[in-house]
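Taking it in order: structure first as structure tokens, then the write-up.
The values are calculated or read from the model by the stated rules, or taken from the named source; none is laboratory data. Predicted, not measured: the structure shown is a model, and the values here were computed from it. In this analysis, Cβ positions are derived from the backbone assuming ideal geometry, glycine residues included, and neighbour counts consider all displayed protein chains. When the accessible area is computed, the model is the full protein with side chains, heavy atoms only, and any ligands, DNA or RNA have been set aside. Shrake-Rupley method; radii C 1.70, N 1.55, O 1.52, S 1.80 Å.
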Amino acid sequence: MTLRTKALMILGVALLCMAGLTYVTSRFTFMTGVEEIEERDTSKHVEQVLGALSYLISDVEADTADWASWDDTYAFIEDGSDEYIQSNLVDETFITSRLNLMLFVHSSGRIVFGKAFDLENEEETPIPRDLLAHLSEGSLLLSPPGAQSFISGIISLNRGPVLIASQPILTSRNEGPARGTLIFARYLNSETINELVQVTLFPIIVHSIGEEVHPDFKEALASLLRDKPIFVKPLDNEHIGGYALINDIYGKPSLVLRVEIPRDAYQLGQVATIYYILTILGAGVLVGTTTMFVIQKQVLSRFARLIRGINSITTSGDTLTRISIGGADELSLVAGTINGMLATLQEAGKDIRESEERYRDLFENATDLIQSVAIDGRFLYMNNAWQETLGYNEEDIANLSLWDIIHPDYISHYREIFQKVISGEQVDNIEVALMTKGGENILVEGNISCRFEEGEAVSTRGIFRNITERKQAQEKLQVLYEQERDLRQRLEEEIRKRTEFTRALVHELKTPITPVLAATELLLEEVKDERVLKLVHSIDRSASNLNRRIDELVDLIRGETGMLSLNLMSVDVASLLRDIGIDMKPVAVRSGHSLTVDLPSSNPVVSADGDRLRQIVQNLLNNALKFTPSGGEVILRAREDGDNLIVEVQDTGPGISKADQERLFNPYYRRVEDRERFSGLGLGLALSKTLVELHQGRIWVKSRKGKGSTFGFSLPLETASRKEGRVNPEEKS
Ligand code: ADP
């Protein structure tokens, strides 16, 4: 219901209430007063009628008295002369006196003369027989002999009520004794009543008691018999009845008289009430219309504009629009408040949009497959990664259910999980295969959860990661791992065999060379012949060379198989290098080189295997002397560099190309140009590298073609070797 309708209804009800209240007020105050006045007036009118009736009776009584106190009548009652009758008791007398009956009763009870007359038809009628019953001896109407009393009033006869008067017949000077009684009567018929009406001007009805009458007479009689002199009762809206009880000459209730009086005051009161109500209604309508006009203009139309504005914003969703209804009252305050809310909403909307944008961006660009599925398996939404990975477009998705894209092998398992999830259980790390549009199987791993609304499961959310590649990689890795395990087993077998072989080789090579070296040493002491001695020296060099090569080979194999171990001790490096320099000096001289040993003033100590350290340095010096053309210069240098000792062998030899430098430390590698010209196996540098690294050091070469070479290696100084985290000298420099 609209406010306008409500306001109209309230106004209508208020007007009706006002009218009702006015009516009730007027009815119980004003109209009650009017009715009281009306009752009073009616009673007065009834009294007037009664007065008029009394006047008629007294009229009859006066006539009776005139005739009764007259000498002629006094004589007539005795002689009954015709002359009196002829001159007095003619029809004209009845008509003039308006009498219906004359009775001359002698004091003996004999009726001297009696005549009844119909005034309407102007003819004589019989004397009513029931009247004679009132004339028996001792009757009230008959004066006792000698009495001078008279009586007048009403009696009821069969023909109707009668106004009656009786007087004792006396002389004209009112002297007795009374010779009889004179009775005059007049019917209280319509003619008589008309006379009353002409006097009182109100309709009058008279009913004898016992007559069949209208109910209002019965009610009036009942009330009048309870000693209420006058009874008043409205007959209708236009007339009111005033009732009175009339007793007969015996004092008995005889007649009920009703005077019908127009209700002028009452009707005036009613009209006044109606005008009063109409005036109030008119004033109410005027006030209501004005109020409605003002409400319509000032409130409802502006309110409607406000609602239209709100509806338009609700429909368009445009929070930038503002509502304007003008004015500076509560409504404009409401509009202002709504505009404020819209501004806040706009700001909140902006924040929400930004937040939504961020989450949408996250959702759409997530690499994981994100899906939302209704409880019946219908897809609700899914992100780009989901669609791109599985290849279904929007149209496909609209016609698909979750169960269509799950690989048949996983369906029963997934159904179980789905049931658990929608019954509120959290299930993580689900692995399931999904079928792409192209028929491929994608293995995904993830978890699903359920969204509830008011305790009812509404939809499920699933976030999955495509683990197909990872699975494939794992499988490949497994294969590789198994291959690697086979290889390692084969390698271990190989190492085991080579270890066996090395042991056998050492045994096989060392066993024959050892007696040769021992015999050669003995021969060198025993043989004196120069020519033979030369041969023995030759044998000794070759045997020693062969022994050294065997040692190199054996050491290399031991190094490769992890069987090479060091006998570590504190080594005074300067002293060791000085000894090596002294030992190598003859060799340098023999090959026409100069050998310089450049040592630090400090006495650096390293934890090393002295023999292996000597072996490394000698190897580098031998190479420098061997590959440097005669007349070259070789320098053995040592220095401390931080926590390390650096040992270098520098020569003025042919230098080594970059390509060769990278491979020099590989076993059996030799520069191409040296392979023909120099003997060797290419094991020295490889073995040196192995030994340096066993000492936790590094080995390197710096060389340029034609500019000589510098081979160097580093060893941790003893103080530094005890510290953790040694610094690589190369890295440091
Ligand atoms: P071998 O000396 O038995 O050949 P090495 O392992 O000691 O074996 O040396 C490998 C190769 O490195 C040598 O054959 C040689 O070609 C090259 N080489 C080593 N030292 C030098 C050097 N000081 N100057 C030039 N070339 C060198």
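Numbers at a glance
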| read-out | value |
| --- | --- |
| Dipole axis of segment 32-81 (+1 Lys, Arg; -1 Asp, Glu on Cβ), positive-most option in Val49, Gly80, Ser69 | Val49 |
| Candidate lysines - alpha carbon under 22 Å from Lys437, same-chain residues fewer than 8 apart omitted | Lys471 |
| Of all accessible heavy-atom area on segment 314-472, the percent that carbon and sulfur account for (1.4 Å) | 49 |
| Debye log10 I(q)/I(0) for segment 395-454, one point scatterer per Cα, at q = 0.14, 0.20, 0.22 Å⁻¹ | -0.44, -0.83, -0.96 |
| Relative packing of 422-431, 42-51, 91-100, 60-69, which averages over residues the other C-beta atoms within 10 Å, highest first | 60-69, 42-51, 91-100, 422-431 |
| Förster radius 56 Å - calculated FRET efficiency between Ala659 and Leu524 (Cβ-Cβ, nearest 0.05) | 0.80 |
| Segment 575-704 - percent relative contact order, Cα under 8 Å, separation 6 or more | 22 |
| Antiparallel content of DSSP bridges confined to the chain, in %, to 5 | 95 |
| Exposure of Met9 as accessible area (Å², to 10), given a probe of 1.4 Å and all protein chains | 100 |
| Test item: Cα-centred dipole of segment 546-668, Lys/Arg +1 and Asp/Glu -1 on Cβ, debye | 400 |
| Label-point separation, Asp579 to Tyr55 (7 Å along Cα→Cβ), nm | 18.8 |
| Probe 1.4 Å, accessible area per residue of segment 271-430, Å² | 63 |
| Descending Cα extents along the principal axes, segment 207-334, whole Å | 107, 25, 20 |
| Using a Förster distance of 30 Å, the FRET efficiency for Ser136-Lys233 (Cβ separation, nearest 0.05) | 0.15 |
| Approximate shape of the chain as ellipsoid semi-axes (Cα gyration tensor, √5λ), whole Å, largest first | 175, 28, 22 |
| Using distinct alpha-carbon pairs, which all enter the 1/r mean, Kirkwood radius of segment 77-183 in Å | 14.4 |
| Computed lengthening from Lys707 to Arg465, 0.36 nm per intervening residue step minus Cα-Cα distance | 81.0 nm |
| Computed over the chain: relative contact order in percent, which uses C-alpha pairs under 8 Å that are six or more apart | 7 |
| Euclidean distance between Cα centres, segment 621-700 to segment 252-323, Å | 125 |
| Accessible carbon and sulfur surface of segment 32-134 relative to its total accessible area, %, 1.4 Å | 46 |
| Förster radius 45 Å - calculated FRET efficiency between Glu47 and Asp71, Cβ distance, rounded to 0.05 | 0.70 |
| Full-stretch length increase - Lys476, Ile307 - with 0.36 nm per residue and alpha-carbon distance subtracted | 53.8 nm |
| Residues of type lysines that Lys233 reaches as a straight line, Cα spacing below 29 Å, ignoring anything fewer than 8 places off in the same chain | Lys44, Lys218, Lys252 |
| For segment 448-516, accessible area per residue (1.4 Å probe, heavy atoms of protein chains only), Å² | 77 |
| Only Lys, Arg (+1) and Asp, Glu (-1) charged, at Cβ; the chain dipole about Cα centre in debye | 7800 |
| Most to least packed among 348-355, 204-211 [average Cβ atoms within 10 Å] | 204-211, 348-355 |
| More than 14 Å apart - percent of Cα-Cα pairs taken over segment 498-563 | 61 |
| Candidate lysines - alpha carbon under 16 Å from Lys658, same-chain residues fewer than 8 apart omitted | Lys702, Lys705, Lys707 |
| Base-10 log of normalised Debye intensity for segment 550-650 (one unit scatterer per alpha-carbon) at q = 0.11, 0.13, 0.16 Å⁻¹ | -0.38, -0.52, -0.76 |
| Potential lengthening between Arg40 and Leu278 on full extension [0.36 nm per residue; Cα-Cα distance subtracted] | 82.8 nm |
| Out-of-range pairs (alpha-carbon distance over 26 Å; input Lys510/Lys689; Lys510/Lys585; Lys497/Lys689; Lys297/Lys350) | Lys510/Lys585; Lys297/Lys350 |
| For His593, residues with placed amide H under 5 Å, excluding near neighbours | Gly631 |
| Two-decimal Rg/Rh across segment 286-380, once Rg and the Kirkwood Rh are taken from alpha-carbon atoms | 1.29 |
| Cα pair distances exceeding 16 angstrom across segment 181-227, given as percent | 57 |
| Within segment 100-174: Cβ-based charge dipole about Cα centre, in debye rounded to nearest 20 (Lys, Arg +1; Asp, Glu -1) | 380 |
| Within segment 514-532, backbone nitrogen closer than 17 Å to the virtual label 7 Å beyond the Cα of Leu546 toward Cβ | 514-524 |
| Burial order of peptide ranges 459-470, 614-625 (average beta-carbon count within 10 Å, highest first) | 614-625, 459-470 |
| Where Ile230, Ile582, Ile405 fall by accessible area, highest first, once all protein chains stay in place (1.4 Å) | Ile582, Ile230, Ile405 |
| Separation of the Leu362 and Glu395 label points, Cα + 7 Å toward Cβ, nm | 3.5 |
| Asp674 paired with Ala328, simple spin-label distance in nm, labels 7 Å along Cα-to-beta-carbon | 10.8 |
| Separation of alpha-carbon centers, segment 120-188 and segment 223-237, rounded to whole Å | 32 |
